[in-house]
Structure formats: C-alpha cells, structure tokens
Amino acid sequence: MLRRVQTKNINIVVDNRKAISNHGLIYSFIHSTFKISGNLQSRYKNMTLIEFKTFQLGFQWLCIFVVIGYGVISVRDFIKNDDLCEVNFTRIHGDKDSIYPALTMCLNTPFVEQRFRKISSAINSSSYESYLAGMSKVDQHLMNVHYNIVAIQKHDFLHEAALKFKAERISRDGGGVPVDKITTRSWAWRNRVMKCFSFELPFKKDTLIDSLSIKFNNAIFPNGKRPIDGWGSKGLMIYHHYPGQFGRSFPTGKRFWNPRASSNSYRMRLYFKGIEVLRRRHKSFEECHDDIPYDQWITENITATIKCNPPYWVPDNQYPICQTQERLRKAQTMFWSYFYGNVESNHPCTEMQKVEMDYEETDDEALDKNQTRIHVSYLSNTFKEIQQMKAYTIMMLFGNVGGFVGLLLGYALIQIPNLIHSTLNSFIGDGLKI
C-alpha cells in the first residue's frame, strides 16, 4: 500500500515539475526572442548605407520583374481570345431569335417514274439520279430532262400542314393554322439526290405552339410502303434545324423507321422535349455569319467553285447549267463535306446544336386510306441557350495589370501629373513652376 501511495505522490511531484518546466520554456523563448530582436536592431543600426541601398535596389528589381512577367502572361491570355460560355434557359418565342426549330422531311430519289416514260423509254429515275450526282457520263438526252418536271412536287403528296397554339388547345377552340412558309430545296449527296421540304413555324411573340401536323400520301413510297432505311432509294428522313440552316442539321436526322407490313394509315409521333442553341461571338480568326442563310451560302459557294449550276438548283444569270460529270461530282462531294461536318466553314452566329426528341408510331383510323401523318408535340416551353463571351476582356487586362503595378510598384494614374512634372524638372531645371 505504501509503495502505491508513494508512487502516486511521486507522480504528483513529477506533474508539478513538468508545469514548472513548461513555464521555464516559455520564459526562455520570450527572452531569446527579445535577444534576437535586439541583435537585429543592433545589426540594422550597424548596416551601412551601401548595404541598405543594395537590398532596396534588389527588392525593387524583383517587384519590377514580377510585374513584367505577370503583364506578359495577362497580355498573352488576352490575345488568345478564348471563350467563356454562359448558359441560360430561355422561353421560346420570348423574342424573334428564340424560335421553334424548322422541320424538314427529305425524300431520296424524289422522282415520279411515270413522267420519265413520257420523255424517253431509255431514261428512268436511277439513270437520271446517277447523272445528277456525277456518277455517270453526261448524256444529251439526260441533259434535256427538266428536273422540276420529273421530280416530286408538294402538290403530288402533301395534303395538309397545320399547327395549333397552346392557348387554342386549352380552350379547344380552332382546328389549326396552315403553315404558310414551306421551302423546297434539292441536294446531291452520297451518290444520290434528295429533295427536302422545310416547314418553318411562324414567330408570334409570347405565343407557344402546341403541335405541328403534316399529312401526306403514301404513294411517294414504293408500293405505298415506307422503306426502313431513309438513306435508301425512295427513303424518308426527318431533320430539325434553325430556319435556313438545313446544311447544319445532319446530327439531328432520323433515318430508321419501324417496318410496316402494309400501307395502312398510321401516325408518326415526335415529342419535342428541348433544344440546345449556341450563340457564337465574332472572332478575328473565326468569324460567324448571319448576313445570309447558311443554305444560301452553301449553294453560292459551290456554284462559285464549280463555275456552274447543277440542274436541280434554280439557274441564274451568272453561271450556266453544269455539263460535265466532274463538276456535278464536285457539287455532290462539296455539299456532303459541309452537311456531314468534314468541312467547318462560315459558322452561323446562331445555331441549333442539339434537339431532344422521343418517337413512337401508331395506326390512325381517322386518316384516309394510304395516308400518313407526322405529328410533332412541343412539350417544352424553354430551350437551353449557350452564349459565347470573351473569357479575358480588356477591362480584366487593365484591372489585373494595374493592380499588380499599384501593389508592387506603388504607381497609379493619379500620379501621372507629378511624374510629368518631375521629368520636365530633370531636363529643364528646378525653375519650372506649375
């Protein structure tokens, strides 16, 4: 028992000694600190003027080099002209630039076979398409065929194109408004020719669209049956894009369809869930253009390159109709390069980059026999807007460089008059009075 108690007392004594020892350490640290401080003070008093000037000059040059280095880095970042993207969710039809995408339906090999028979028994849709795409030698008989006579026209298959507004849908008032602006354009691509019909939805500020309905005849398909692959002969493809920018719409295309055992009437339902719009900014090395529609720019650029107009485009007075296989082939390859994205040129300032859609297909007994309806439901009232901005502006350049100059060198714009005064005095003398 005595040993245990003694051990406890010894521990207490040891603990007190530790406390005393800790106080001693603190005292020693404070004493040594003041002693070092006194040594520094003594050394500072004994410092010669030359030593101080040397230290001062070295520190000043260090500050100058830091400012110059940071200034070079800041100027480099400004010259790089990088982008900073701001993302907003904008209401559709809030302004004239916030619009619904145009829907374009394209038909491959868009010719009516019976019309060739009235011209010549030696010509059919395959041989004429091969000639237009530059895949076969030019023949005078083929050149004499007028494209618009043998190609499918709107009135050959289109029965209805109408839209409904959401206000009408809620009130159940009105049977739909006809789509007035339907543009037609043909293109040679992938050794074929396609004719495209674009349905552009009208802009009405703060007015939302509920649906777009397009009703057409199945007779445009072989035996009234839609091909599974739209890239094949007589195939159907659907694209969504900003108006006048079909040439940028390849990523949005739908080409594969459900097989159908008969030509019964059916409805193709597309559910519009959202779009992503990119608004580019002008750069010195990569300009964007909205002065003319992108599709018009493509046709003008191709005709200016091949020095002629393909027969499937509207002729003009500047260039004649193409009469060689090489030029027709060149027109096809150039458009495919732009459409597929192999060649990036003349970017539009405003472009729809992505379109989010769901698709389903159902029979529709309300339609007449051999009819098909494309029905687009616009579920989303907003779209994702990506706005490009300059990542490093001129104000940021001046602010960053000016901040370092003021912090490290102690200069500011307010000191410029005194600097001018001192400079003039150094050359003229002290007699200058201001």
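Computed from the coordinates by the stated procedures, all read-outs in this text should not be read as laboratory data. Only a predicted model underlies this, so the values are computations on that prediction, with no experimental measurement involved. Here Cβ is always computed from backbone atoms with ideal geometry, including for glycine, and neighbour counts include all displayed protein chains.
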Of 137/234; 234/369; 164/369; 254/390; 254/330; 195/283, pairs whose Cα-Cα distance is over 28 Å: 254/390; 195/283
Intensity falloff of segment 182-227 expressed as log10 I(q)/I(0), Debye formula with alpha-carbon point scatterers, at q = 0.22, 0.23, 0.29 Å⁻¹: -0.99, -1.02, -1.12
Amide H contacts under 5 Å for residue 209, placed H, 5+ residues apart: 166
Candidates per trypsin sites (Lys or Arg not before Pro) in segment 359-434, loop by DSSP, up to 12 other Cβ within 10 Å: 369, 433
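How much length is gained on full extension from residue 420 to residue 282, taking 0.36 nm per residue of separation minus their Cα-Cα distance?
45.7 nm
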Rounded if a/c under 1.5, otherwise prolate or oblate - segment 85-390, Cα gyration tensor axes: oblate
Between 0 and 90°, nearest 10: helix 394-404 axis offset from the chain longest Cα axis: 10
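Would you mind ranking 421, 93 so that the residue whose beta carbon has the fewest other beta carbons within 10 Å leads the list?
By the 10 Å Cβ count, ascending, the order reads 421, 93.
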Sequence of 168, 200 once ranked by neighbouring C-beta atoms within 10 Å, starting from the fewest: 168, 200
Exposure proxy ranking, count of Cβ atoms within 10 Å, fewest first, for 339, 398: 398, 339
Order by protection proxy (mean Cβ within 10 Å, highest first), peptides 151-164, 325-338: 325-338, 151-164
Of all DSSP beta bridges in the chain, antiparallel share, percent nearest 5: 80
Sorted peptide list for 301-307, 239-245, 107-113, criterion being average Cβ within 10 angstrom, highest first: 239-245, 107-113, 301-307
Cα shape, segment 326-377, gyration tensor, a/c 1.5 rule: oblate
Rough spin-label spacing in nm, given labels placed 7 Å along Cα→Cβ, for residue 63 and residue 228: 7.9
Those Cys residues of the chain for which no other cysteine Cβ falls under 4.7 Å: 63, 85
